[in-house]
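The values are calculated or read from the model by the stated rules, or taken from the named source; none is laboratory data. Computed from a prediction, not measured in an experiment: that's the story for all the values here. We place every Cβ from the backbone using ideal geometry, glycine too, and count neighbours over all the protein chains shown.
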Amino acid sequence: MSKCSNCGADLPEGANFCPKCGVPVREAAREEYKVSSDELVRKIKELLHEGNVRRIIVKNEKGETLLEIPAWAGLVGAVAAPWLAALGVIAAVAAKCTITVVRRED
């Protein structure tokens, strides 16, 4: 039995959507970018403005997740401000980061 990539719930066979959180079951396109700390905030802003992003995950050099930004954060600028402030702190601490982008399939 497979699990939901969003909430971890067990998925019934042949399901198109997770019965718990409603996320589509099909695998979303993922891209990874390796950026230096001074490019981190600029790249995240660029990705949020693209509009087809479901989730952005920032990881450090060790592969530990430092921040996850859900898709709706890009829709409202004021809501994205705390994430951008957190990115500034991450950029000050981590030398290199990996940005994983999960895109919506249109």
Residues in segment 10-22 that are in contact (Cβ under 8 Å) with a residue 12 or more places away in the chain and in contact with a strand residue (DSSP E or B) (Cβ under 7 Å, 6 or more places away or on another chain): how many?
-> 1
What are the residues in segment 4-36 that are out of contact with any Cys (no Cβ under 7 Å at 6 or more places or on another chain) and closer than 23 Å to residue 58 by Cβ, if any?
-> 5, 8, 27, 28, 29, 30, 31, 32, 33, 34, 36
Can you name the residue in segment 42-53 that is at pLDDT 80 or above and surrounded by 16 or more Cβ atoms within 10 Å (Cβ to Cβ) and, of all such residues, is farthest from the chain's Cα centre (by Cα)?
-> 43
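Name every residue in segment 14-52 that is of a type in the set (Ser, Thr, Tyr) and in contact with a helix residue (DSSP H, G or I) (Cβ under 7 Å, 6 or more places away or on another chain), in order of residue number. Explain how you work it out, then say what you get.
If we filter segment 14-52 for residues that are of a type in the set (Ser, Thr, Tyr), which is where we start, we get 33, 36-37.
Within segment 14-52, 33, 37 qualify.
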